[in-house]
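Taking it in order: structure first as structure tokens, then the write-up.
The values are calculated or read from the model by the stated rules, or taken from the named source; none is laboratory data. Bear in mind that the values here come from a model prediction, so they are computed numbers and not experimental data. Heads up, the Cβs are rebuilt from the backbone with ideal geometry, glycines too, and the neighbour counts pull from every protein chain shown.
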Amino acid sequence: MPVLSAADVAGYWLGAGGPKSRIVEWVAIAIGESGFDTAAQSPAGALGLWQIMPFNAPTYGYTPGQLTNPAVNARIAVLMSGGGTNCAAWDSCYRDIQATGRYTFLAWPEQGSPNWHNLAVAAAELGGKVVIPASASQQPGITATLPGTIAAIQHQAALQLPAQTLRVKAAAARLGRLYR
């Protein structure tokens with residue numbers, strides 16, 4: 001399977017029953033987890049767009065071999081996240097997974113996490129806009145101006161992030177060319 005576009009990933013999320021109101025967040029999570037590569041596999045063995053661990057597949061009626069199918073991976077991500085409301089199972093949603101704990105309820109990626117920074121990139125890739133709130137207790141919204149979104153992406157490109165999110169630099173460069 002190929003590396004997908006943000007629009008393709010969004011389509012799989014919606015097709016799996018994921019809420020449209022959370023689409024930017026879940027596309028951002030897919031950036032952080034797999035870089036939109038449907039065949040991505042982590043060193044721990046997680047597979048696909050949202051990096052689902054193989055032992056989770058049977059719980060939802062699938063086989064581990066189906067996890068690289070983007071429709072299946074999206075469906076399991078929707079189910080595992082309580083319908084798109086809990087990103088706690090995705091390590092890239094935590095600023096510091098060791099300090100925060102694991103698999104507790106996490107409504108939005110923590111401020112400062114790779115996926116928090118991916119929100120602006122995901123929104124721009126989807127043709128929208130995003131505001132990254134100053135307070136971690138506030139939810140991101142899709143209401144900013146395009147210049148603000150581009151500035152956030154340029155800021156993101158300058159950050160030193162884990163290897164799994166380095167594709168952000170390429171997205172920012174692509175968007176910089178599109179909006180000049």
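Quick notes
- In segment 20-34, the residues that are buried (at least 19 other Cβ atoms within 10 Å of the Cβ) and not basic (K, R): I23, V24, E25, W26, V27, A28, I29, A30, I31, G32, E33, S34
- Top-ranked residue of segment 37-92 - restricted to ones that are among the aromatic types (F, W, Y) and without any contact (Cβ under 8 Å) to a residue 40 or more places away in the chain, ranked as surrounded by the fewest Cβ atoms within 10 Å (Cβ to Cβ): F55
- Checking each residue in segment 15-25 for being modelled with pLDDT of 95 or more and either assigned to a helix (DSSP H, G or I) or of a type in the set (A, V, I, L, M) (or both) picks out G15, A16.
- Selection of segment 54-91 for residues being under 22 Å from V3 (Cβ atoms) and touching a strand residue (DSSP E or B) at 6+ places or on another chain (Cβ under 8 Å) yields P54, P64, L67, T68, N73, I76, A77.
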